[in-house]
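Working notes, structure below.
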Amino acid sequence: MPSDANNFYTSDRVTVEKVTFPNQYQMKVAGNLFVPEGLDRDSAHPAIVVGHPMGAVKEQSANLYATKMAERGFVTLSLDLSFWGESEGRPRHAVSPDLYAEAFSAAVDFLSSQAFVDEQRIGVIGICGSGSFAISAAKIDPRLKAVATVSIYNMGAANRNGLNHGLSLEQRKAILEQAAKQRQVEYNGGEIRYTSGTVHEITEDSTAIEREFYDFYRTPRGEYTPESSSPALTTHPTLSSNVKFMNFYPFQDIETISPRPMLFITGSEAHSIEFSRDAYARAAEPKELLEIPGAGHVDLYDRVGLIPFDKLDAFFSDHL
């Protein structure tokens, strides 16, 4: 474990409350509301929604970011995407990019109803896959006034093309065939199958990316399993639903978010850096791309010595 990894960080300068709120489809979304100690609740303050990495839950990375930003004076809300963690949705771990994005808008609904939150000053931080869901939400929800992503994964492009366009059209079609057959199996009463996600053991043949995710999700560094799940299913979406990502194009029309500002944070050594660079190239001003020297993809999940919290503080202070 890196010496500065601190996924489960807590602070005595912040109060935490478990909350639930409905999305537009009356599904319960679960979150943790972080409020700076001593906040004047008779005044309205800026707030930030924080989304967890794809396949994770709010206790993995999102709570850390929410706590650190609350220490800096923001009201923050980490959430579980629908079908994950403590949020509703069946079957568990199903993929629905539209409902994932909807969770961010539902979080804005909830925050806007709090007397101590200024509904005109709500921003969002999306980590990994949640970066693409936050962008998808912001494109159609102008209440999200400032958007920051960290180690963003374009979940559509990653599933259609693979990293660095390493997936061929023939391989994509084979995945679609497999998912369609599995869908029929489940309709006929068969068992649900799961796909992708983090490996459960490391061998001499394991790739660098497999090792990177294993070090976070399968060790005490970041391992966390909610009561609604099991360690065997952490980060694994259902096979039959994961192909929904192939119809997901979060960066299309990203320029329409302007003039609301966007900040893209990535590690200079991140295997996912292509997605931050692509989003930045497509976005309109005002925008900024920040590459953290020497940082990998997962490093920005929990390594407090590398995560640029001061930059995030400045970004949201300026724009909220």
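Assorted remarks:
- Ranking ILE140, GLY126, THR238 by how far each Cα lies toward the positive end of the dipole of region 118-266 (charges on Cβ) leaves ILE140 at the top.
- Sequence-distant lysines (8 or more away, or on other chains) whose Cα lies within less than 29 Å of LYS311: LYS18, LYS58, LYS68, LYS139, LYS145, LYS287
- Within-9-Å neighbourhood charge of VAL108 [Cβ basis; K, R +1; D, E -1]: -2
- Separation of the THR203 and GLU17 label points, Cα + 7 Å toward Cβ, nm: 5.1
- Each Lys and Arg Cβ is given +1 and each Asp and Glu Cβ -1; about its Cα centre, the chain then shows a dipole of about 720 debye.
- Here the peptides 191-202, 304-315 are ranked by packing, the mean other Cβ count within 10 Å, and the order with the highest first is 304-315, 191-202.
- Between ALA314 and GLN120, full extension at 0.36 nm per residue minus the direct alpha carbon distance yields a gain of 68.1 nm.
- Dipole of the chain computed with +1 at Lys/Arg Cβ and -1 at Asp/Glu Cβ about the Cα centre; of VAL14, ALA70, ILE209, farthest Cα towards the positive end is ILE209.
- Local net charge near LEU263, Cβ-Cβ under 9 Å (Lys/Arg +1, Asp/Glu -1): +1
- Computed magnitude of the charge dipole of region 59-99 (debye, nearest 20; Cβ of K, R +1, Cβ of D, E -1): 80
- Qualifying lysines (Cα of each under 18 Å from Cα of LYS244; at least 8 residues distant if same chain): LYS173, LYS181
- The residues neighbouring GLY89, those whose beta-carbon lies less than 10 Å from its own, together hold a net charge of +1 under the Lys/Arg +1, Asp/Glu -1 convention.
- Projecting label points 7 angstrom from Cα along Cα→Cβ for ALA232 and THR256 puts them 4.4 nm apart.
All of the numbers you see were taken from the coordinates with simple rules; none came from a lab. Since the model is a prediction, treat every value here as computed from it, not as a measurement. With ideal geometry, Cβ positions are generated from the backbone for all residues, glycine too; neighbour counts draw on all protein chains shown.
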